[in-house]
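Here's the structure, in structure tokens; my notes come after.
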Amino acid sequence: MKIEKLIQSGVIAALKRLYDFEPDDNLVQLQNTRKDFIGDITLVVFPFLKHSKKRPEDTATEIGKYLEKSIDEVKSFNVVKGFLNLEIDDNYWFSEVLSAWKDESFGIAKPSENQELAMVEYSSPNTNKPLHLGHIRNNLLGYSISEILKANNFQVVKTNIVNDRGIHICKSMLAWQKWGNKETPENTGKKGDHLVGELYVEFDKHYKAEIAELIKIGLTQKEAEDQAPSIQEARELLRKWESGDPEVVELWKTMNGWVYEGFDITYEKLGVDFDKIYYESETYLVGKEEILRGLKEGIFYQKEDGSVWADLTSEGLDHKLLLRSDGTSVYMTQDIGTAKMRFNEYKIDKMIYVVGNEQNYHFQVLAILLDKLGFAWGKGLQHFSYGMVELPSGKMKSREGTVVDADDLMEGMVKVAREMAQELGKLDSLSNEEAEKTYEMIALGALKYFMLKVDPKKNMLFNPEESIDFNGNTGPFIQYTHARIKSVLRKASEKNIEFKEELVTLPEEISFKEKELMKRITLFPEIVKESGTNYSPAIIANYCFELAKEFNQFYHDHPILAENNEPRRDVRLLISATVGKVIKSGMKLLGIEVPDRM
RNA sequence: GCCUCGGUAGCUCAGUUGGAUAGAGCAACUGCCUUCUAAGCAGUAGGUCAUGGGUUCGAAUCCCGUCCGGGGUACCA
């Protein structure tokens, strides 16, 4: 039984016995003892004073005496003001670490039958431009939260809804027709998504110029934006696409194909993947049908111009457009269609949308609309809302060229990692291929950890001027700690002094750091749970950092292989090996690989 | 205007859901490689937790007001 549970029930028994008082479980507040005090677990006794009718110190002492007597694991206690610090027997932590080591999947649920199914939607790019830094945060969060849900006993289906149709892609198509010079990825060597992205910028350049011209001859901004020839032509392309014009559809397929080839490369480099991909072009009509059904059933209403709306004023919200006056669908329409298709195809218990917080209102409305349409699962949708990535200059804008391109960023990071490693000369013994693989691992580790260590809900700042760090609270720091541990274990095996798990025993005395490490290891399963219920990879990231930091301190002043006292040496090897294992599985939940050498 | 999220060290971020003297990393300065990897370790310095009130044994954390910033409120997605 876990020590916290033991103590909790011990405290409840003590209160009953001493003060004839039965508290709620949540009144028993246990926390880890602060480092400046002696002890492992601390009980806050303030809430009990009303019933004990004694001073905090006396109350704590009485409870302490009771626990010391009734729970074997409680070795001793001390009282500071209203805090009862309990010292736990080293044997308890030792046995926890030993079983952590033996447990193949310590802290991680194994796939089994009857798991609930969670579908996680993430990435969801438009097909008119390459992925940028904002997408990176989305992809890393989506991937990581999927791994964390798996670790928390969910079956997970990772999904991606590709926004492959609409005015945005028509703009790139038009630009290709008019100014594209028949360029293709093949004849230029350009990555497909980048080529299409350039065309999108090209369109915008002409469009802006036309607007300026029109304003000069007296039109308002709004009129000019509406009447510029480029946008008119793009709209014409969209109409042709919707009516199935073969030539337009062909161009659309070709250009989207280029983009997908580019995306695949970026996704692979990032190390993210999907179990099921939906395309907006295949779901928007389903959404439209649902809206029309809702209209027929009187759930929605139609204005004189033909547009369809939902009245959400009874929910404290506004009126929301669902179909334009020309009958075409909007963002919301498509999401309704996509949701319906997904729930038809899978037995989804939990649907999670990894989408930026600028869409908070959208998902609030989506849940209500699905509910109104009679889908029982509508209200249960989870919007995993995360903050924006900001640059020192403010928000990123694709059209204004202030975006940090995903491919460029990753490439740059690998370059820095390579230079740094070569300077340190650490990987000289590896083959070129192995070394190159390690550079990538480190570069991606730095990038991913950088993005995931901050609370997903908060906006974060990325400064392209300062490259992402490789020292301190970073991915490489944790990777390095893992490599160090592996190195020690390799040498132990070379010297034939590996520990045998069935023979390791607790030495007479263990140091403060050794105990701290054992306690930290024991926390891991709880951390995995917490990150699952809070949808926060950051909790895991910060735990891994603390663990690695503590290991490095331990490593610095405790000889491991050179320790003469065998029980002591073996327990140090056990602790090291277990820390290595926990780091590896923790980082895996973040989608970060750890090298054996670096 | 209305809705919503945020403001913690020079910078980037933690802070165990109300507990003890608010913590890391970066940047600056000092030490430590003949001993298991120095991408490391140890130390110095850096704070009116935006601000004013309130709630109580106890507030960075909860409530109200104010200031500053982000996002939303589109027949864009």
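Here the simple spin-label model places points 7 Å from the Cα toward Cβ, and for A:TRP179 and A:TYR361 these points are separated by 3.3 nm.
Using the average count of surrounding beta-carbon atoms within 10 Å as a protection proxy, the listed peptides A:508-515, A:172-179 rank, highest first, as A:172-179, A:508-515.
Just the protein heavy atoms count here, and of the accessible area of chain A at 1.4 Å, carbon and sulfur take up 48 percent.
Only lysine pairs 8 or more places apart, or on different chains, with alpha-carbon atoms under 19 angstrom apart are counted in region A:207-318, and they number 6.
Once Rh is set to the Kirkwood radius over Cα pairs, what Stokes-Einstein translational diffusion coefficient, in µm²/s, holds for region A:472-546 at a temperature of 37 °C and a viscosity of 0.692 mPa s? Before the final figure, lay out the partial values.
Working: Rh = 14.9 Å.
Estimated via Stokes-Einstein, D reaches 221 µm²/s.
In vacuo Debye scattering of region A:244-328, one point per C-alpha: log10 I(q)/I(0) at q = 0.11, 0.14, 0.19 Å⁻¹? Taking Cα atoms of region A:244-328 as identical point scatterers yields -0.55, -0.75, -0.91. Each peptide in A:217-226, A:253-262 receives the mean, over its residues, of other Cβ atoms within 10 Å, and ordering these scores from highest gives A:253-262, A:217-226.
Counting DSSP beta bridges with both partners in chain A, what percentage is antiparallel, nearest 5?
Values: 22 of 44 bridges.
The antiparallel proportion sits near 50 percent.
Rolling a 1.4 Å probe across all protein chains gives A:ARG520 an accessible area of roughly 50 Å². Taking the DSSP beta bridges with both ends in region A:282-440, the antiparallel portion is around 60 percent. A simple spin-label model places pseudo-atoms 7 Å from Cα toward Cβ; at A:LYS205 and A:TYR279 they are separated by 3.0 nm.
Expressed in whole Å with the largest first, what are the equivalent ellipsoid semi-axes of chain A derived from the C-alpha gyration tensor as the square root of 5 times each eigenvalue? If you can, show how the numbers build up before the last one.
Working: eigenvalues 582, 217, 79 Å².
After scaling each eigenvalue by five and taking roots: 54, 33, 20 Å.
Hydrodynamic analysis of region A:302-342 uses the Kirkwood radius over alpha carbon pairs. Inserted into Stokes-Einstein at 20 °C and 1.002 mPa s, it gives a translational diffusion coefficient of 195 µm²/s.
Starting from the residue with the highest accessible area, list A:LYS453, A:LYS549 in decreasing order, probe 1.4 Å. List each step's numbers first, then the result.
Details: A:LYS453 60, A:LYS549 80 Å².
Listed by decreasing accessible area, they come as A:LYS549, A:LYS453.
Within the set of other residues whose C-beta is less than 10 Å from the C-beta of A:ILE108, count the net charge using Lys and Arg as +1 and Asp and Glu as -1. Around A:ILE108, the surrounding residues sum to 0.
For chain A, the longest principal axis of the Cα atoms and the long axis of helix A:406-424 meet at an angle of about 40 degrees.
With only the Cα atoms considered, region A:278-375 has a convex hull volume of 112 Å³ per residue. For region A:1-63, taking the reciprocal of the average inverse distance between every pair of different Cα atoms yields a Kirkwood hydrodynamic radius of 12.2 Å.
For A:HIS482, A:HIS51, what's the largest-to-smallest order of accessible area, 1.4 Å probe? Present the calculation step by step, with values, prior to reporting the outcome.
Values: A:HIS482 0, A:HIS51 75 Å².
Sorted descending by solvent-accessible area, the residues read A:HIS51, A:HIS482.
At the listed q of 0.10, 0.21, 0.25 Å⁻¹, the Debye profile of region A:87-186, built from one uniform point per Cα, gives log10 I(q)/I(0) equal to -0.54, -1.06, -1.21.
Given a Förster distance of 51 Å, report the FRET efficiency between A:LYS50 and A:ASP349 from their Cβ-Cβ distance, rounded to the nearest 0.05. It would help to have the intermediate numbers written out before the result.
On the way: r = 43 Å, r/R0 = 0.84.
The computed FRET efficiency comes out at 0.75.
Apply the Debye scattering formula to region A:445-598, with a single equal point scatterer on each alpha-carbon and no solvent, then give log10 I(q)/I(0) at q = 0.10, 0.11, 0.13, 0.17 Å⁻¹. Debye intensities relative to I(0), on a log10 scale: -0.38, -0.46, -0.62, -0.97. Per-residue ellipticity at 222 nm computed for chain A from its helices equals -18500 deg cm²/dmol, with DSSP H segments shorter than 4 residues left out and the rest contributing -39,500 (n - 2.57).
Compute the Kirkwood hydrodynamic radius of region A:141-257, taking the inverse of the mean of 1/r over all pairs of distinct Cα atoms, and give it in Å to one decimal. Can you show the working numbers first?
Numbers: mean 1/r = 0.0602 Å⁻¹.
Hydrodynamic radius (Kirkwood, Cα only) of region A:141-257 equals 16.6 Å.
Take chain A with all the other protein chains still there, run a 1.4 Å probe, and you get 48 Å² of accessible area per residue. Helix A:432-452 sits at what angle to the longest principal axis of chain A, using alpha carbons and giving 0 to 90 degrees rounded to 10? Once rounded, one gets 90 degrees.
Solvent-accessible area of A:ASP318, all protein chains in place: 100 Å² (probe radius 1.4 Å, heavy atoms, ligands and nucleic acids excluded).
Dividing the convex hull volume of the Cα atoms of region A:275-316 by its residue count, what figure in Å³ per residue is obtained?
Values: hull volume 5.0 nm³, N = 42.
Dividing the Cα hull volume of region A:275-316 by its residues yields 119 Å³.
Its Kirkwood hydrodynamic radius, worked out from the mean inverse distance over all distinct Cα pairs, puts region A:33-151 at 19.1 Å. Label-to-label distance, A:ARG17 versus A:GLU419, with points set 7 angstrom from Cα along the beta-carbon direction: 6.7 nm. Solvent-accessible surface (1.4 Å probe) assigned to A:ILE265 amounts to roughly 90 Å².
Restricting the calculation to Cα atoms, region A:165-216 shows an Rg/Rh of 1.05 when the hydrodynamic-style radius is the Kirkwood one. For a paramagnetic label modelled on A:GLU186 (point 7 Å from Cα along Cα→Cβ), amide N atoms under 14 Å away belong, within region A:252-272, to A:254-255, A:257-258. For region A:529-598, the C-alpha radius of gyration sits at 1.30 times the compact-globule guess of 2.2 N^0.38 Å, with N the residue count.
The values are calculated or read from the model by the stated rules, or taken from the named source; none is laboratory data. Note that the coordinates shown come from a computational prediction; the quantities given were computed from them, not determined experimentally. A quick note on method: Cβ atoms are made from the backbone with ideal geometry, for glycine too, and the neighbour counts reach across all protein chains shown. For accessibility, only protein heavy atoms count, side chains too; no ligands or nucleic acids. Shrake-Rupley method; radii C 1.70, N 1.55, O 1.52, S 1.80 Å.
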